[in-house]
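The next block holds one structure in the form of structure tokens; read it before the comments.
Just so it is clear, none of the values below were taken in a lab; they were calculated from the coordinates. Nothing here was measured: the structure is a model prediction, and the numbers come from that model. Positions of Cβ are generated from backbone atoms using ideal geometry, with glycine treated the same way; all protein chains shown enter the neighbour counts.
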Amino acid sequence: MKELHLAEGTVRHEKRVGVGTLFWKVGCMTIEKVINNNIVSAFDETGREVVVMGRGIGFGSRPGAKIPEDKIEKIFRIESGSVADQFKELLAGVPLEHAKISSDIISYAKGALKLKLNQSIYVTLTDHINFALARCAKGINLENALLWEIKRFYPQEYELGKYAITQIKERLKVELPEDEAGFIALHFVNAEYGTNIRDALRFPNQMKEILEIVTRELGIKLDEGTLHYERFITHMKFLLQRVYRKELLPDEESDLADMISQKYPKEFACSKKVADYIEKTAECRLSGEEVMYLAIHIRRITMAEE
């Protein structure tokens, strides 16, 4: 029996495959459309649409035919219809090994690292890896200007990028440069935060600029090894996530905000500077609540320095 990789997780099946409330009776899958020799769109026993991958699975097949169980390698069920359509369109022109390695990297991220990812990662990462391999074959390597910032602010995602290029080297015998680990990391940042890749590209530089504002306004040097620093970075990551998802805390009158502004005027003024920067670069105004919580985190940093 083969190990099947679904959008919801990775499982090993015997006669049936179960993930939570989802069950797949592999022998009852019916082909809806042949995408290419190795990939078909199909319906499972409940009539739900799935994408099935396996070497030669589509060769000589016709709509309405049952899929031989021994040819199935991976099964995907993507909830979003638009993402599913993009995925099928992409797979039509992607070599099977490129699609498989992308799927395996995503399964590793979700299984070993417990990342919660938007299903769009199946489209964006597969497309990126396929394009990166095509560029490499032509001797074209792109420099990642944000590589240092990605390493600094998104270390887990960067390590995942390194894992990806190691897998590509071992399985496809293609050595991609370190810059590609950074680009792959950003696709996972994008999928974690539910943003688009353009916004994900902004995150590392915005984090760098915000830290520079804090150190300049408060006249301190941040100790990156402290718990307060880590908490501040985590707060900023989720703040930027809320900014781009338009899920900011609402404006509310608060006695606590007044107290923070009076008791810690330097930190509160610094948080206002950061808010102005975010408004300028992300075209989004921070609420008073967001500014207050930002000031509290900045105060924690200054306390650590003191």
Q. Taking the structure as given and computing Cα Rg over 2.2 N^0.38 Å, which label from (1) 1.47; (2) 1.20; (3) 1.32 fits?
A. (2)
(Q) Based on alpha-carbon centroids, what's the gap between the range 248-306 and the range 115-148 in Å, whole number please? (A) 36 Å
Q.
As a footprinting exposure proxy, order Thr234, Thr302, Thr226, Thr195 by other Cβ within 10 Å, with the fewest listed first.
A. Thr234, Thr226, Thr302, Thr195
**Q.** aspartates and glutamates with Cα under 19 Å of Lys162, excluding same-chain neighbours fewer than 8 positions away
**A.** Glu97, Asp104, Asp127, Glu143, Glu149, Glu170, Glu175, Glu178, Asp179, Glu180, Glu192
Q.
Run lengths n ≥ 4 of DSSP H only: what is the helix-derived mean residue ellipticity at 222 nm for the chain, with -39500 (n - 2.57) per run over all residues, to the nearest 500?
A. -18500 deg cm²/dmol
Q | Choice from Asp255, Asp276, Asp199 with maximal GNM fluctuation in the chain (Cα, 10 Å cutoff) | A | Asp255
Q: Report the label-to-label distance for Arg216 and Tyr108 in nanometres (one decimal), using points 7 Å from each Cα along the Cα→Cβ vector.
A: 4.0 nm
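Would you work out if the range 78-194 is rounded, prolate or oblate? Take a ≥ b ≥ c from the square roots of the eigenvalues of the alpha-carbon gyration tensor; rounded if a/c is under 1.5, else prolate when a/b is larger than b/c, oblate otherwise.
It is oblate, given that a/c is not under 1.5 and a/b is not larger than b/c.
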Q: Assuming R0 = 22 Å, can you tell me the calculated FRET efficiency for the pair Tyr277 and Lys116, based on Cβ-Cβ distance, to the nearest 0.05?
A: 0.20
Q.
Can you classify the range 198-305 as rounded, prolate or oblate using the Cα gyration tensor, where a ≥ b ≥ c are the square roots of its eigenvalues, rounded means a/c under 1.5, and otherwise it's prolate if a/b beats b/c and oblate if not?
A. oblate
Q. Taking springs between alpha-carbon atoms closer than 10 angstrom, which of Gly93, Gly139, Gly64 fluctuates most in the Gaussian network model of the chain?
A. Gly139
Q: Once you have the Cα-Cα distance between Arg242 and Ser287, take 0.36 nm times their residue separation minus that, and quote the gain in nm to one decimal.
A: 15.0 nm
(Q) Neighbour counts of other C-beta atoms within 10 Å: give me His128, His187 arranged from fewest to most. (A) His128, His187
Q: Could you line up Arg299, Arg198, Arg285 from fewest to most neighbouring Cβ atoms inside 10 Å?
A: Arg198, Arg285, Arg299
Q.
Below 8 Å, C-alpha to C-alpha, sequence gap of six or more: please give me the relative contact order for the range 198-305 in percent.
A. 36 percent
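Which GluC sites (Glu not before Pro) in the range 122-161 sit in a loop by DSSP (not H, G, I, E or B) and have at most 13 other Cβ atoms within 10 Å of their own Cβ? Show your work: numbers first, answer last.
Working: sites: Glu143, Glu149, Glu157, Glu159; in loops: Glu143.
Passing sites in the range 122-161 are Glu143.
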